[in-house]
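Taken together, the values in this text are just the output of simple stated rules run on the coordinates, not laboratory data. Everything quoted here is computed from the prediction, not taken from an experiment. Backbone-built Cβ (ideal geometry, glycine too); neighbour counts: all protein chains shown.
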2 protein chains.
Amino acid sequence: MTTVNCALIQHRCRDSHANNLAASCTAIRRAAADGAELIVLAELHGSAYFCQSEDCANFALAETIDGTSVTTLSALAAELRIVLVISLFERRSSAVYHNSAVVVERDGSIAGVYRKMHIPDDPGFYEKFYFTPGDGTFTPIATSVGKLGVLVCWDQWYPEAARLMALAGAQLLIYPTAIGWDPADDSAEQQRQLDAWLTVQRGHAIANGVPLLAVNRVGFEAAPAAAAHDGIEFWGNSFAAGPQGEILARAAVEECVVHASVDLHRSEQVRRIWPFFRDRRIDAYAELTRRWRD
Amino acid sequence: MTTVNCALIQHRCRDSHANNLAASCTAIRRAAADGAELIVLAELHGSAYFCQSEDCANFALAETIDGTSVTTLSALAAELRIVLVISLFERRSSAVYHNSAVVVERDGSIAGVYRKMHIPDDPGFYEKFYFTPGDGTFTPIATSVGKLGVLVCWDQWYPEAARLMALAGAQLLIYPTAIGWDPADDSAEQQRQLDAWLTVQRGHAIANGVPLLAVNRVGFEAAPAAAAHDGIEFWGNSFAAGPQGEILARAAVEECVVHASVDLHRSEQVRRIWPFFRDRRIDAYAELTRRWRD
């Protein structure tokens, strides 16, 4: 298979976990009926973006991989014969929680789990409180639609993550995301941030000669009453890019499903005209593992 | 100093080395008169892009760092009190030639030399025949306008190069370049290539929170009679980007000088709202020095 019909589910948050899960299922059914064989949900689609505050009570939102969310969604994947990328606030133990992506194969089995490696922490995005950084190795997850380089949100700012996935054979980079504007920023700053988000990810596609899917949530979510910030206006703009960074499909700032037909074989052609991997100076890259070169 | 007035000299090739050098001097004088204090020339501005063929006779174009080009241009830099980035086909010895960038300080002294690390080789761009890959360490060059992360052309496709420069304290990434279209490609492919070139470099600015200058040549240069390709239409589009990847100034496909005022202090602000360096997983990046993770 070289062409993969992809669907990106760009939703706003509902008023309960049950309603979010039901909305995801409805959208997945419709996307599959429209021909999608790889369907990607946005980051932490089961709930509001709870990281707007540091609140111990929010750990109750976490689930194990054999919990309700993955069980329900993997059964649906098996019914529809699709590959599904789920995002999960994962309870790995009572002591360790992760921001994880679970990839489900067409038969409903778990193809693999990726645990977010780069964890942000800035006003309104207090993720370091909740999520232990992943202890994995940036390894793609093999599925019937190809080797998926699944990463999560903040990872998308790191060329290292994309590169390691590509070096390990990822045929498609996938970023479930929850990113938005601070309503206190002016529109010029908001536009720069959105452009930067689109651009840096398109850059990963280009530098590695691989297509890429980014799936974001949309809609305003208010900050908790005691917070110092105004809440987050999630900016949607979920998109699919080809291996030259070209936009294949892109959502507006509204609830929707984005369909994109991604030709995995084009990477082969693009990497022949732009053979970047041939010329990497691996003899001179050792200091990439330093914190700062001082 | 936090704001640097930059000028990017985007020229087409003249009919002789002397005329190219004279045209560079004229443009530099005008740019300095217009307030530029950092002026950047395009890659191999002294000659046609001779790498369209593999011809031993072209080694006669090479010069040492104390040759005519650098001597002339450094005297001009001293006269005008500017920092100047020169590109040079460098004869390091009778056995070793490089594609180098020479940075000249306001007093005409050599601030540093960067020798291109990533060397391309594809139809019409036979650089591996001419240029020994640099044996340096991606170290910025300290000048009176800041620490300059000088890289050259093909380097611009490598996130590793930009990252290593930023980790070593580069305040501004600078790419002298010679890139263009194959006239045999259709306009959609040409547009994708130009967009990719702009995007991947803007991505480096974003990922590292630093501004960036890219300086290209412009105009059609025919291939040698025996070549299998049609020549190169150099695409201009020299540009300056800020630390969020925002375009500060950009040239059209014509001979011109692009002026841009670059605020180096903005990196400090941008890196505080997007503190990417804080969260790099240096414990998990060791395999970036592998050729392929197989």
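What residues of the stretch A:80-100 lie in the reach of a label at A:Asp135, counting those whose backbone N is under 19 Å from a point 7 Å from the Cα along Cα→Cβ?
A:89-100
When only Cα pairs under 8 Å and 6 or more residues apart are kept, what is the percent relative contact order across the stretch A:1-108? Kindly include the intermediate steps, with their values, before the conclusion.
Details: 170 pairs, mean separation 27.9, N = 108.
Here the relative contact order equals 26 percent.
Could you list A:His11, B:His265, B:His259, A:His204 in order of exposure, starting from the residue whose Cβ has the fewest other Cβ atoms within 10 Å?
Working: A:His11 24, B:His265 12, B:His259 17, A:His204 31.
Fewest-to-most Cβ neighbours within 10 Å comes out as B:His265, B:His259, A:His11, A:His204.
Let me know the charge dipole size of the stretch B:3-289 about its Cα centre in debye, to the nearest 20, where only the beta-carbon of Lys, Arg (+1) and Asp, Glu (-1) is charged.
Details: 23 positive and 34 negative charges, 219 e Å.
Its charge dipole is roughly 1060 debye.
Give the nm distances, rounded to one decimal, from A:Ser187 to the matching residue in every other copy, measuring between label points 7 Å along Cα toward the beta carbon; shortest first.
Inter-copy label distances (nm, one decimal, shortest first): 3.1.
Which net charge results when you count Lys and Arg as +1 and Asp and Glu as -1 among the other residues whose beta-carbon is under 11 Å from that of A:Asp230? Provide the component values of the computation, followed by the final result.
Details: positive: none; negative: A:Asp182, A:Asp185, A:Glu221, A:Glu233.
With Lys, Arg at +1 and Asp, Glu at -1, the neighbours total -4.
Determine the percent antiparallel among the DSSP beta bridges restricted to the stretch A:3-289, to the nearest 5.
Details: 37 of 52 bridges.
Here the share of antiparallel DSSP bridges comes out near 70 percent.
What is the distance in Å between the Cα centres of the stretch A:1-73 and the stretch A:188-231?
Value for the Cα centre distance between the two parts: 18 Å.
In nm, one decimal, shortest first: how far is the label point of A:Phe129 (7 Å from Cα along Cα to beta carbon) from the matching points in the other copies?
Those separations, rounded to one decimal, come out as 6.3 nm.
Could you work out the local net charge near A:Gly124, counting Lys and Arg as +1, Asp and Glu as -1, over the other residues with Cβ closer than 9 Å to its Cβ? List each step's numbers first, then the result.
Numbers: positive: none; negative: A:Asp122, A:Asp182, A:Asp230.
For residues surrounding A:Gly124, the net value is -3.
For the stretch B:77-145, what is the convex hull volume of its Cα atoms per residue in Å³? Walk me through the numbers before you get to the answer.
Working: hull volume 7.1 nm³, N = 69.
In the stretch B:77-145, the Cα convex hull volume per residue is 103 Å³.
Please list, or write none, the aspartates and glutamates whose alpha carbon is within less than 15 Å of the alpha carbon of B:Lys147, excluding same-chain residues fewer than 8 places away.
The qualifying aspartates and glutamates are A:Asp294, B:Glu37, B:Glu105, B:Asp263, B:Glu268.
Enumerate the lysines that A:Lys128 could reach by cross-link, defined here as Cα to Cα under 22 Å, with residues fewer than 8 away along the same chain left out.
A:Lys116
Taking springs between alpha-carbon atoms closer than 10 angstrom, which of B:Arg202, B:Arg281, B:Arg192 fluctuates most in the Gaussian network model of chain B?
Maximum fluctuation in the GNM of chain B, among the listed residues, is at B:Arg281.
Using Cβ counts within 10 Å as a stand-in for footprinting exposure, how do B:Tyr114, B:Tyr285 rank, fewest first? Intermediate values should be presented prior to the final figure.
Working: B:Tyr114 28, B:Tyr285 20.
In increasing order of surrounding Cβ atoms, one gets B:Tyr285, B:Tyr114.
Using Cα-only point scatterers and the Debye equation, what is log10 of I(q)/I(0) for the stretch B:123-224 at each q in 0.11, 0.16, 0.18, 0.23 Å⁻¹, rounded to two decimals?
Values returned for q = 0.11, 0.16, 0.18, 0.23 Å⁻¹ are -0.39, -0.77, -0.93, -1.25.
With charges set only on the Cβ (+1 for Lys and Arg, -1 for Asp and Glu), what does the dipole of the protein assembly as shown come to about its Cα centre, in debye to the nearest 20?
Numbers: 52 positive and 70 negative charges, 171 e Å.
Result for the protein assembly as shown is approximately 820 debye, rounded to the nearest 20.
For a bin width of 5 Å, list the pair-distance distribution of chain A built from all Cα-Cα distances, rounded to whole %.
Cα pair-distance distribution for chain A, in percent: 1, 6, 12, 17, 20, 17, 13, 8, 4, 1, 0, 0.
Need one number: % antiparallel among DSSP beta bridges in the protein assembly as shown, to the nearest 5. Let's see the in-between values first.
Numbers: 74 of 104 bridges.
Among the beta bridges of the protein assembly as shown, antiparallel pairing accounts for roughly 70 percent.
Would you work out if the stretch B:150-294 is rounded, prolate or oblate? Take a ≥ b ≥ c from the square roots of the eigenvalues of the alpha-carbon gyration tensor; rounded if a/c is under 1.5, else prolate when a/b is larger than b/c, oblate otherwise. Mind showing how you got there, number by number?
Details: a/c = 2.60, a/b = 1.48, b/c = 1.76.
Oblate shape, in that a/c is at least 1.5 and b/c is the bigger or equal ratio.
How large is log10 of I(q)/I(0) for the stretch B:50-209 at q = 0.15, 0.20 Å⁻¹ when the intensity is taken from the Debye formula with one equal scatterer per alpha-carbon?
Calculated log10 I(q)/I(0) at the listed q: -0.88, -1.32.
Can you check what the net charge comes to around B:Glu37, using other residues whose Cβ is under 11 Å from the Cβ of B:Glu37 (Lys, Arg +1; Asp, Glu -1)? All intermediate terms of the calculation are to be shown ahead of the outcome.
Values: positive: B:Arg81, B:Arg106; negative: B:Asp34.
My count for the surroundings of B:Glu37 gives +1.
Quick one: compute the contact order of chain A, relative version, from alpha carbon pairs under 8 angstrom and 6+ residues apart, as a percent. Provide the component values of the computation, followed by the final result.
Numbers: 653 pairs, mean separation 56.5, N = 294.
It comes to 19 percent, rounded to a whole number.
Based on alpha-carbon atoms only, what is the radius of gyration of the protein assembly as shown relative to the globular estimate 2.2 N^0.38 Å? Write down the numbers at each step before the final one.
Working: Rg = 24.9 Å, N = 588, 2.2 N^0.38 = 24.8 Å.
Rg over 2.2 N^0.38 Å, computed on Cα atoms: 1.00.
How many Cβ atoms of partner chains, on average, are near each residue of B:155-167 if near means within 10 Å of its Cβ? Provide the component values of the computation, followed by the final result.
Values: counts 2, 1, 8, 8, 13, 11, 4, 1, 8, 8, 1, 2, 7.
Counting other chains' Cβ atoms within 10 Å and averaging over B:155-167 gives 6.
Could you work out the equivalent-ellipsoid semi-axes for the stretch A:212-294, taking the square root of 5 times each eigenvalue of the Cα gyration tensor, largest first, in whole Å?
Working: eigenvalues 247, 134, 9 Å².
After diagonalising the Cα gyration tensor, the semi-axes are 35, 26, 7 Å.
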